[in-house]
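Okay, structure first, notes after.
The values are calculated or read from the model by the stated rules, or taken from the named source; none is laboratory data. Keep in mind that this is a model prediction, so the values were computed, not measured. Every residue, glycine as well, gets a Cβ built from its backbone with ideal geometry; the counts of neighbours run over all protein chains shown. The accessibility values were calculated without ligands, DNA or RNA, using every heavy atom of the protein model including side chains. Shrake-Rupley method; radii C 1.70, N 1.55, O 1.52, S 1.80 Å.
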Amino acid sequence: MEISPADFFYRNRDLAGFNSPVRAIYAAIRELVENSLDACELYQITPDIIVRLSQEADGLTSEENASIYRMRVMDNGSGIPPEFVPAAFGQILFGSKYSLRQVRGTFGLGGKMAILYGQITTHGSATITSSTGTVSLEDVSTGFEVDQDRRMVVVNLNTEMLARRGIDREALQQISFPKAAVQVNEKTLFIKAENPQDLKEIPDALPEIRLAAGVNEFEISIDIQQNKPRIKRDIVRPNPSRWHGTIVEYTLEGDYLRAMPKILEYLRQTAMVNPYAEITFIDPRGRLYFFERVTRTMPAPPRETLPHPHGCDVETLQRIINVTETKTVESFMVTHFHRVGEKTAKAFLDAAKIPPEKNPKKLTSDEIVRMIQAMKTFSDFLPPDASCLSPLGEELLAAGIRKELKPEFVAVEQRNPSAYSGYPFVVEVAIAYGGDIPVTPAVTLYRFANRIPLLYDEASDISRIVVNEQINWRHYKVTPNMPVAVIVHICSTKVPYKTVGKEFIADRPEVEREIKNGINSVARKLALFLTRKISVEHERKRLDVFSKYLPKVAKFSSELAGEPVKPDSEYEKMVKPLLQSLMRFGSDG
């Protein structure tokens with residue numbers, strides 16, 4: 001019997017991290033917050049995210065210690081066009097993240113899985129409110145015509161799209177052009193220029209016209225067997241303020257009291273690795289947790305890239321062949337693969353024994369397999385570049401660490417871009433000492449992947465293995481029960497997670513090497529700081545001894561010389577220049 005993706009995850013929700021009320025309420029908050037961050041960062045909008053969790057008074061649950069909660073997550077992101085909202089929240093594995101660039105989500109699963117879990121535990125539906133704020137005139141029209149005789153541009157309006165976006169005739173009448181008059185009827189927009197010269201400028205200006213888009217509100221549930229959204233309500237409200245963003249509200253079964261430490265730690269670490277975000281959390285007891293932004297500077301958004309030959313397989317190659325419009329295998333390689341030029345393409349095809357002039361659609365199965373085998377072994381392909389990545393950067397990571405941990409010392413290093421299996425990645429490593437870092441027998445580890453905190457399954461993560469087994473911390477003057485924290489952030493187009501739940505990184509040799517080298521580098525800086533700190537402390541104790549006894553020696557010497565006895569403060573002033581001459585570390589002493 002064939003089952004849908006929604007049905008599969010309904011039966012196996014533990015694969016996505018929804019295996020208990022404790023884990024599920026944490027995973028739901030995490031998935032929706034990460035969706036909100038992605039919606040802001042891609043368009044360089046500094047995120048403002050509000051999460052509210054309230055307990056339903058009369059909720060019945062199937063699990064002991066669990067309760068029914070209403071979750072509401074609101075962001076100021078780009079918003080979702082209304083034609084995509086039902087599938088975006090009601091169809092498992094539907095998503096906008098199936099592209100080769102750095103994003104938090106991977107499977108088109110997380111946000112929908114949170115709503116699916118809420119549906120199967122409370123039999124409730126989700127309310128989705130979203131608006132893009134504005135919409136271009138091009139998006140609500142079917143084209144335009146230029147009437148030279150009447151000095152007029154006639155724009156044909158898409159009435160269905162206008163209604164869907166909540167744009168009425170009054171909004172259209174507010175469109176204005178310099179040196180042109182605008183008239184509107186039900187299906188057409190007439191723009192008449194004052195003179196023929198102005199007429200030429202109107203078509204170029206049409207894409208720049210933005211109209212206030214309405215706020216679309218949907219009530220959605222998931223048809224689990226068909227993996228399709230069920231739309232129970234679909235309304236459009238006016239949006240004169242041009243608000244943009246998304247609000248997700250639904251009920252779910254959870255155990256907040258036991259999940260609370262993980263939820264608060266997740267939000268704190270999210271604020272650490274996203275210092276430009278402002279996150280507000282209101283818990284079921286009405287307590288407000290506010291994580292303030294410390295900067296409005298954001299990392300540059302990643303650019304979508306082509307697949308690298310080293311990361312290609314037979315299925316991927318066949319899919320590209322099916323859609324290509326190129327006529328030769330050589331142009332096929334240059335057009336569809338990352339950093340492959342004509343010279344490299346010819347050398348590769350010669351090594352693979354594939355005629356460069358052959359039509360790619362006429363490649364046989366054996367030739368396709370031979371191409372893939374050659375791609376894995378051909379060494380002259382250039383490594384992938386990092387334009388499709390968006391690392392946080394040393395300054396932003398240091399700012400986030402200082403904000404949340406308030407350390408006495410912090411050192412950050414961003415490693416050079418590297419690659420595994422054709423997928424580019426960048427490792428950022430930091431080390432911090434003192435402040436609010438907890439004192440534990442082992443070094444405290446904070447793990448992040450594509451700016452996502454990883455809180456579960458730490459023992460299986462490659463970063464923990466490196467920190468515990470491959471670093472000799474005594475070599476860097478770090479001993480047990482010192483307030484030391486290591487922060488590891490990996491960003492990649494394909495983070496090597498071991499599970500769908502995205503909780504720990506697999507032990508890829510290339511990733512392991514970069515993490516180890518990064519930790520060694522920042523640990524050397526910490527060792528210099530600790531050496532100086534130990535020396536300063538030793539010098540302080542030495543000077544304390546001198547400052548305690550030198551005034552007494554001076555007083556005793558004066559008495560022996562028969563000089564008049566002075567107040568103790570006078571002797572302290574007398575020896576102060578001597579104490580300053582004994583300092584080895586300046587004012588720090």
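Which residue out of SER36, SER78, SER54 is part of a loop (DSSP other than H, G, I, E, B), on the phi < 0 side of the Ramachandran plot, of a type in the set (S, T, N, Q) and touching a strand residue (DSSP E or B) at 6+ places or on another chain (Cβ under 7 Å)?
Among SER36, SER78, SER54, only SER78 is part of a loop (DSSP other than H, G, I, E, B), on the phi < 0 side of the Ramachandran plot, of a type in the set (S, T, N, Q) and touching a strand residue (DSSP E or B) at 6+ places or on another chain (Cβ under 7 Å).
A residue that is under 37 Å from the mean Cα position of the chain (by Cα) and open to solvent by 70 Å² or more (accessible area, probe 1.4 Å) can be found somewhere in the range 142-152.
Considering the range 549-589, the residues that are over 22 Å from SER535 (Cβ atoms) and of a type in the set (Asp, Glu) include one that is modelled with the highest pLDDT, namely GLU563. Sub-7 Å Cβ pairs linking a first residue in the range 367-378 that is without any contact (Cβ under 8 Å) to a residue 40 or more places away in the chain to a second residue that is hydrophobic (A, V, I, L, M, F, W, C) and open to solvent by 20 Å² or more (accessible area, probe 1.4 Å), at least 6 apart or interchain, are ALA374/ALA351, ordered by first then second residue. Only one of the numbered conditions (1) modelled with pLDDT of 95 or more; (2) within 16 Å of the chain's Cα centre (by Cα) is not met by ASN450, and that is (1).
Tallying residues that are of a type in the set (A, V, I, L, M, F, W, C) and surrounded by fewer than 24 Cβ atoms within 10 Å (Cβ to Cβ) within the range 470-490 yields 5. Can you name the residue in the range 373-416 that is assigned to a strand (DSSP E or B) and of a type in the set (A, V, I, L, M, F, W, C) and, of all such residues, is surrounded by the fewest Cβ atoms within 10 Å (Cβ to Cβ)? The extreme case among them is PHE409. Being touching a residue at least 40 places away in the same chain (Cβ under 8 Å) and either crowded, with 20+ Cβ neighbours inside 10 Å or within 20 Å of GLY111 (Cα to Cα) (or both) is a property that holds for PRO275. When residues of the range 325-350 are filtered for being open to solvent by less than 60 Å² (accessible area, probe 1.4 Å) and either closer than 23 Å to SER421 by Cβ or in contact with a Leu (Cβ under 8 Å, 6 or more places away or on another chain) (or both), how many remain? So the count comes out to 15. Quick check on my filter: what residues within the range 421-446 are surrounded by 20 or more Cβ atoms within 10 Å (Cβ to Cβ) and more than 21 Å from VAL467 (Cα to Cα)? Passing the criteria: GLY422, TYR423, PRO424.
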